[in-house]
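Below is one structure, written out as structure tokens; comments come after it.
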Amino acid sequence: MIGTIVNFLTILLGGIIGVNIKEGLKEEYKQIIMDSLALIVIVIGLTSALKSESILTMIFSLIIGVIIGESLKIDKKLNKLGEFLERKLGRNDSNFSKGFVTTSLIFCVGAMAIVGSLESGLTGNHNTLYAKSVIDGMTSIVFASTLGIGVAFSSFAVFLYQGSITILASFLTDFLIDPVVLEMSAVGGILISAIGINILGLKEIKVSNMLPAIFLPLVFYAVKLIYLSI
């Protein structure tokens, strides 16, 4: 859990720093910064998605994942959590919920979050999460400078998400082979690109409802192994 703890602290610290420089930025600068970040997020997402070696796995993962996420109403629940935290902790910050939800997704669904957490749990190698921590810390500063303190609170979502993967990894060693992790990261890349589209305001995509799709390549592989063993 060391890598996840470091990641948690850098996002929290970056968010606090970003909030403190928020008032010094003019509105036009905030908008162009957000647009630039959105384009970067889209490119990062596409880079991961294009590494997929099984388009069918990606397609079925997204379709089934969205159905699961929509039935569970993940997006609605995550936004409600953001609104609850906004009422309790960010009363003077109208962007609290947006900052919390947006950056929670960005920090959680990327390839580094998945691969880094798996490496941490399977081998005790935290280097990927350390590298992610530096990137996330800088990103949280920029996002918090425009979206406010909600960004800092996304660090708790990262802690729970990556920590859970790290702990579960030790129980899923036989299933987490490289092709499976690659497809999980590729599906995550699609979600990251969708976040970028949301930030640009081109279309409101319920990215949270797509979260189950990330883990479906693992489920498909497990089902395949069970089928072959029968």
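Only the coordinates and a few stated rules stand behind these numbers; no lab work does. All figures in this text were calculated on a predicted structure; none of them were measured in a lab. With ideal geometry, Cβ positions are generated from the backbone for all residues, glycine too; neighbour counts draw on all protein chains shown.
Results, tabulated for the structure shown:
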| item | result |
| --- | --- |
| Ellipticity estimate at 222 nm from DSSP helix runs (n ≥ 4, -39,500 (n - 2.57)) divided over the chain, nearest 500 | -27000 deg cm²/dmol |
| Exposure rule at most 10 other beta-carbon atoms within 10 Å, DSSP loop trypsin sites (Lys or Arg not before Pro): the chain longest free segment | 92-202 |
| Length released on extending from residue 20 to residue 177, taking residue separation times 0.36 nm less the Cα-Cα span | 52.2 nm |
| Projected-area average for segment 84-208 over all orientations - Cα convex hull basis, square nanometres | 8.0 |
| Inter-label distance, nm, simple model (7 Å from Cα along the C-beta direction), residue 1/residue 66 | 3.7 |
| Net charge, residue 66 excluded, C-beta distance under 11 Å - Lys, Arg +1, Asp, Glu -1 | -1 |
| Fluctuation leader among 35, 136, 178 - the chain, Gaussian network, Cα springs under 10 angstrom | 178 |
| Acute angle (nearest 10 degrees) that the helix 2-22 long axis makes with the longest principal axis of the chain, alpha-carbon atoms | 30 |
| Excluding exposed DSSP-loop GluC sites (Glu not before Pro) (at most 11 other C-beta within 10 Å), longest clean stretch of the chain | 54-203 |
| Cβ-based charge dipole, the chain, positive-most Cα from 113, 160, 72 | 72 |
| Angle between the chain longest axis and helix 74-89 axis [Cα atoms, degrees, rounded to 10] | 30 |
| Estimated vicinal HN-Hα couplings, Hz - segment 52-60 in sequence order (Karplus 6.51, -1.76, 1.60; Gly, Pro = x) | 4, 10, 9, 4, 5, 4, 5, 4, 5 |
| Segment 220-225 - phi-based ³J(HN,Hα) in whole Hz, Karplus 6.51/-1.76/1.60, Gly and Pro as x | 4, 5, 4, 5, 4, 5 |
| Segment residue 40-residue 13, extension gain: residue separation times 0.36 nm, minus the distance between their alpha carbons | 7.5 nm |
| Label-point separation in nm, residue 51 to residue 202, each point 7 Å along Cα→Cβ | 2.2 |
| Cα-based helix-to-principal-axis angle, 127-147 vs the chain, degrees rounded to 10 | 40 |
| For the chain, size of Cβ-based charge dipole, Lys and Arg +1, Asp and Glu -1, in debye | 520 |
| Which listed pairs, of 98/203; 51/203; 76/203; 51/98, have C-alpha distances above 22 Å, in listed order | 51/203; 51/98 |
| Extension gain (nm, one decimal) between residue 30 and residue 77, 0.36 nm per residue minus Cα-Cα | 14.1 nm |
| Segment 147-180 and segment 1-42: distance between their alpha carbon centers, rounded to Å | 20 |
| In sequence order, calculated HN-Hα J values of segment 26-40 (Karplus, 6.51, -1.76, 1.60; Hz; x Gly/Pro) | 6, 4, 5, 6, 4, 5, 5, 5, 5, 5, 5, 4, 4, 5, 5 |
